[in-house]
Amino acid sequence: MAKAGGTPTLEAATVEGLGADELLDLHRRMVRIRVFETEAGTLMEAGELPGFLHLYVGQEAVAAGAMATLTDADQITSTHRGHGHAVAKGAQFRPMFAELFGRLDGYCRGRGGSMHINDLSIGMLGANGIVGAGLPIAVGAAFASWYRGDGSIAMTFFGDGASNIGTFHEAANMAAVLKLPVVFVCENNGYAEFTPQARHMLLEDVADRAASYGMPSEVCDGMDAVAVKLAVARSVERARAGDGPSMVEAKTYRYYDHQGVKGLRIPYRTQEEIDAWKKRDAIELLEARAVADGVLGKDVFEKVWAQTRADAEDAIAFAKASPEPDPADVLLNVYTTEA
Amino acid sequence: MAQEVLLPKLGLTMEEGTILEWVAQAGDVVKSGDILLRLATDKVDVDVEAEGDGRFEPVAAEGATLPPGALIAWLLSGDEQAPAGPVDQVAVALLEAPAASDVGELQLMAPTATPAAAGTPHGRLLASPNAKRVARETGVELTALRGTGPGGRIVSEDVEEELARRGAAAPVPAPSVDSPSPGQFVSPLVRRQATAAGVDLTTVRGTGLSGRIRRADVEAAAAAVPAAPVAAAPAPASAASTGPRAGQVVPLTGMRGAIARNMHASLQEMAQLTHGFEAEVGALLALREQLKVEWAGTGLRVPSINDFVVRAAGHALLEHPMLNATVRDGAIHLLEQVHVGVAVAVPDGLLVPVVRDADRRTLVSIAEETRALAGAARDGTLTLPQMEGATFVVTSLGSYGVDFFTPVVNPGNTGILGVGRVRDGVRWEGDVPHRTSVLTLSLSFDHRAVDGAPAAEFLQSVSGLLARPLLLLAG
Amino acid sequence: MTATLEKGATPARTGRQLTYVKAYNEALHQVMREDEDVFVIGEDVAGYGGVFHMYDGLLTEFGPRRMIDTPISEAAIVGLGVGAASRGLRPVVDIMFMDFLAVCLDQVVNQAAKMKFMFGGDVRVPLVITVASGAGLGAGAQHSQSLEAWLAHTPGLKVAMPSSAYDAKGLMVTAVRDDNPVIMMLNKKLLGAKGDVPEEIYAIPFGQATTVREGSDVTVVALGRMAVEAAAAAEQLAGEGISVEVIDPRTVQPLDTDAIVASARKTNRVVVVHEAVTFGGLGGEIAAQITDIAFDHLDAPVMRIGAPFSPVPFSPKLENAYVPDRAAIAAGCRRILERS
């Protein structure tokens, strides 16, 4: 099993039990994240984007694997590092880039920015600028599913760092006590901002915390989209069956800094560690294994990359052309006024 | 070195004083001991003397009401200028003064820029925004009004009362073309700037929002017109002292205001009631006649009936301490000293100088003290300390032919004793009537502290002492 | 039958007497019958009926699906409300003592309040957070605060402060029907106060002040329970010949500036009174608004009466002196009217 933050110990990606369509779906979700984030990073480095940018590159397998188990009716809450979740859940490049530019055609009409991208029509209940704040909101979304009995569930993403905040514990306990259909997905990338896991908690697995709340949990390889999908699917199934919440911990790694691409350039991780994780890059692992097993050809993957890059180019051009919001409209949507 | 002239604190309870009149004029060279101004407090008017030498430069305007400690003038040496920022210093003094927060804005004068301008003080008019609006709309000239609001501020009621005074006989003049039109707003800052620059705001067209006159407008006006002499603020209308007449409006200010406040507060706060009690004073009258003969030429002063009552009350209060008390903070505080106030009628009202330690003084000492105090009260030379600290009051309407009345307890006391006229009474011995001399004592008391029976017992004590006046001569 | 009061309309008083807490409770009964999406969640709200009996009888009528007891987890309770509201339910979240908002303020201020705005308008958060506020019960510094200024300062929140049983019901109906997060501040000292409450369901629009008493000499703008104290002070001052107009804004966000300014123009003197500490309280905001709009109608600076700048003290002697009361309001009115 993987040891978060330290040296990866997983062998190779598993593909058993998944057909070509499912693999391609995972691949497409991951590539879309990678391309979006890489382009966003480039724009950021070029000084074209205002504000903060918490890039998801490296962790694509978690969002892709988890989101592949959900429908548009299922709700997710995300984190400050939320682009990957949005893209994997089906968010469009055009309004996403427009939002990063602060333009009127953005998902938040330029009011939210990187940390508040949302799309209720696809069950994306928002990224969140406050660490740990999304967990109880997901519990509330799950409550609505339970209240309506509509078969939908909720899923919340959080990091190893967030598992130290009160809302994590309150939300986990509340969901367990009320037996709500919610899946807690911990993306353990080994660092709470710049602090390694060993210095912010004494447990090796965040998943062990689930036991405190009488909640089943499992740990999976967060660089392996197939493994993530299979693990999360078991939790989703429990939720849909009315058996209450579960927790999945995915050991993964963030390639870029906490914020931005190169961040503050303060060395808190060794180059060896970064290189070791990159050797097990989620997309490369999936492509290599699928090709080796003869499930999918390299050309299929190339097409996905090319199409996605074209989508990004189009979306960036769209975003740059999108109008700026009018300061006269700043009071818009502070309150719901219409019936 | 510029010396500050501060509003003096005359007595413990003084919270504000009004500059009635500057006796010294701006630019006068004064010496220590020269009278600078006439100051009114709620109790007395006093002359304030210079405490140093120098060229006199007033900061506050006549009519201004300020707390003790407020900067009111400078004494300057040579061609020294008044230090900058007197306004701020006054504001600081105000902030530090007790209860200053509701004093609000001050009526201040900018220090005259040059000695040449001295003698034409120009003041910043202190009026509430609403008073200004009402005055603007009714064409009343605010400078002609006396402010009755906090800190002497003109409030809208002052304007309305002025309009009422003018009455139907003099129709309200339409706003003159010169006066600021309704909707012409001027900020305090701009008004000050205009005053300093000698710009008449009524001639300035506002270019700000809603026609508001902005600083730039004043600057432009100042640049266009050479600074004109600024009209002196008219002196407050001198009060006619010929007594009230029909149709006149007597403002509740000064002593009248103090009496109004105190009496209203007293009745508002206390549970007051009055006992009437007939006291035989035949022996007392006889004793007085005897003393008049015996003491003639000795210089000893024969005590008045009132003095006997003060002495008797002072003595009786020792036995009835609840009437020598004060009610505050939900408790009755019995007082250790007996200071009996003696009400003295003066032309515009009433003053109550205090006979201190009335329980320990001889009757003669009381007699001398009351005479001195009454004289000072009528001459207007009472000092504030002489009027502070009464723990009980004796008041007489006997000389006006009144028998029984209901005096009002002074705030902070629990009782007041009224003395009626001496009249013939009757004492029956069997079926035979004997003519006696009696007077009615009217004791008002605060039922919160004193019940009816103990109040009656106090009256019995006083009456008993008056019936045996030789006892009162003792000690 | 649902009645919504038009601006300035006089509510129909029927003589039916109900306590403040019962009126709130009746509002919940009626809106829960009206709308299947309304549910109540909080600590001890279902089985126990709420520590202040705000929720008596609701479990019996609506069952455990709509009346939910929770662990002591304020952040998760409010967060659950935010999540459920964002999906179209209409949660009524009970946080018991207002002071406990500090435990879950992120969910109130950063999540509930901002979600609609941050999301570009694509979400509604029809959430009611009910809290018990106010001092005077010897509850000490952590169970006695009036924190409306914190909340009214946050764009996105609405804040209601009923001062009567009638308003408790009418404002609660509006709160539940509102598509925005609403903080419903029930004053602990008023819970048992009886008042006229019509039986039918009725809604009092937010941002509509009520004139508790008409007067001509001075206006007292009084928040929450202070409206009761102000009315008593007005009665007392009437005996002194002082005519006091008492305005109760009922909601401080939105605030009925029009009504306040109209009264200021009428009386030319305004006293603002609230239980919260004076510094940084809404008295300053109200004073500033009056000065902005009606400066030329003032005969005195707007006076603020509030608590001193200390935590709420425990000792009854201290607490009584701490909380503004009718005597303090009457004294303030006399002072602002003082003429020499």
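Taken together, the values in this text are just the output of simple stated rules run on the coordinates, not laboratory data. Owing to the predicted nature of the structure, the values given are computational and were not obtained by experimental measurement. Quick reminder, even Gly has a Cβ in these numbers, built from the backbone with ideal geometry, and neighbours come from all protein chains shown.
What list of ³J(HN,Hα) values in whole Hz, one per residue of segment A:236-244 in order, does the Karplus curve 6.51 cos²θ - 1.76 cosθ + 1.60 (θ = phi - 60°) give from phi, with Gly and Pro shown as x?
So the J values, rounded to whole Hz, are 4, 4, 4, 4, 5, 7, x, 8, x.
Counting partner chain Cβ atoms within 10 Å of every residue's Cβ in C:177-183, what's the average? Mind showing how you got there, number by number?
Details: counts 1, 2, 5, 4, 2, 0, 0.
Partner Cβ neighbours, averaged per residue: 2.
Restricting to bridges with both residues inside chain A, how much of the DSSP beta-bridge set is antiparallel, in percent to the nearest 5? Let's see the in-between values first.
Working: 3 of 24 bridges.
About 10 percent, rounded to the nearest 5.
With an 8 Å Cα cut-off and a minimum separation of 6 or more residues, compute the relative contact order for segment A:93-181 in percent. Write out the running numbers ahead of the final one.
On the way: 112 pairs, mean separation 17.1, N = 89.
Relative contact order here is 19 percent.
For segment B:248-392, what is the relative contact order in percent, using Cα pairs closer than 8 Å and at least 6 residues apart in sequence? It would help to have the intermediate numbers written out before the result.
Working: 154 pairs, mean separation 32.6, N = 145.
So the answer I get is 22 percent.
Within 10 Å of each Cβ in C:106-116, how many Cβ atoms from other chains are there, averaged over the peptide?
Averaged over the peptide's residues, the number is 4.
Quick one: net charge around residue B:33, please, counting Lys, Arg +1 and Asp, Glu -1 for every other residue with C-beta under 9 Å from its C-beta.
Details: positive: B:31; negative: B:34, B:49, B:51.
My count for the surroundings of residue B:33 gives -2.
Suppose a student asked you for the relative contact order of segment C:17-203, using Cα pairs under 8 Å spaced at least 6 residues apart; what percent would you report? Please list the in-between numbers first.
On the way: 390 pairs, mean separation 50.3, N = 187.
Reported relative contact order: 27 percent.
Sort B:337-343, A:273-279, C:244-250 by the packing proxy (mean of other Cβ within 10 Å over each peptide's residues), most packed first. Each step should come with its number before you reach the end.
Values: B:337-343: 22.0, A:273-279: 14.9, C:244-250: 27.1.
Top to bottom by mean Cβ count within 10 Å: C:244-250, B:337-343, A:273-279.
Once phi is turned into θ = phi - 60°, what whole-Hz ³J(HN,Hα) does the Karplus curve with 6.51, -1.76 and 1.60 give for every residue of segment B:273-289, x standing for Gly and Pro?
Couplings: 8, 10, 9, x, 8, 8, 10, 7, 10, x, 5, 5, 5, 5, 4, 4, 4 Hz.
Quick one: which of A:229/A:251; A:278/A:298; C:116/C:169; A:179/C:116 span more than 18 angstrom between C-alpha atoms?
Values: A:229/A:251 13 Å; A:278/A:298 20 Å; C:116/C:169 27 Å; A:179/C:116 28 Å.
Checking Cα-Cα distances, A:278/A:298; C:116/C:169; A:179/C:116 exceed 18 Å.
Mind checking which aspartates and glutamates have their Cα closer than 19 Å to the Cα of residue A:262? Skip sequence neighbours fewer than 8 apart in that chain.
Correct list for residue A:262: A:37, A:39, A:45, A:48, A:60, A:193, A:272, A:273, A:275, A:281.
Only bridges with both residues in the protein assembly as shown count here: give the DSSP antiparallel percent, nearest 5. Each step should come with its number before you reach the end.
On the way: 64 of 130 bridges.
The antiparallel proportion sits near 50 percent.
Taking N as the number of residues in segment B:254-473, what is its alpha-carbon radius of gyration divided by 2.2 N^0.38 Å? Please list the in-between numbers first.
Working: Rg = 17.2 Å, N = 220, 2.2 N^0.38 = 17.1 Å.
Cα Rg divided by the expected 2.2 N^0.38 Å: 1.01.
Can you list the HN-Hα couplings for segment B:451-460, worked out from phi with the Karplus curve (6.51, -1.76, 1.60; θ = phi - 60°), rounded to whole Hz and with x for Gly and Pro?
Each residue's phi maps through the Karplus curve to give 8, x, 5, x, 5, 5, 5, 4, 4, 4 Hz.
What does the extension gain come out to for residue A:337 and residue A:234, with contour length at 0.36 nm per residue minus their alpha carbon separation?
Contour length minus Cα-Cα distance gives 32.9 nm.
Could you work out the mean count of beta carbons from other protein chains within 10 Å of each residue's beta carbon in C:289-300? Walk me through the numbers before you get to the answer.
Values: counts 0, 0, 1, 0, 0, 3, 7, 11, 6, 8, 16, 9.
Per-residue shielding by partner chains comes out at 5.
Please list the equivalent ellipsoid semi-axes of segment A:186-232, computed as the square roots of five times the alpha-carbon gyration tensor eigenvalues, in descending order and whole angstrom. Working shown, then result.
Details: eigenvalues 79, 55, 9 Å².
Semi-axes (√(5λ), whole Å): 20, 17, 7.
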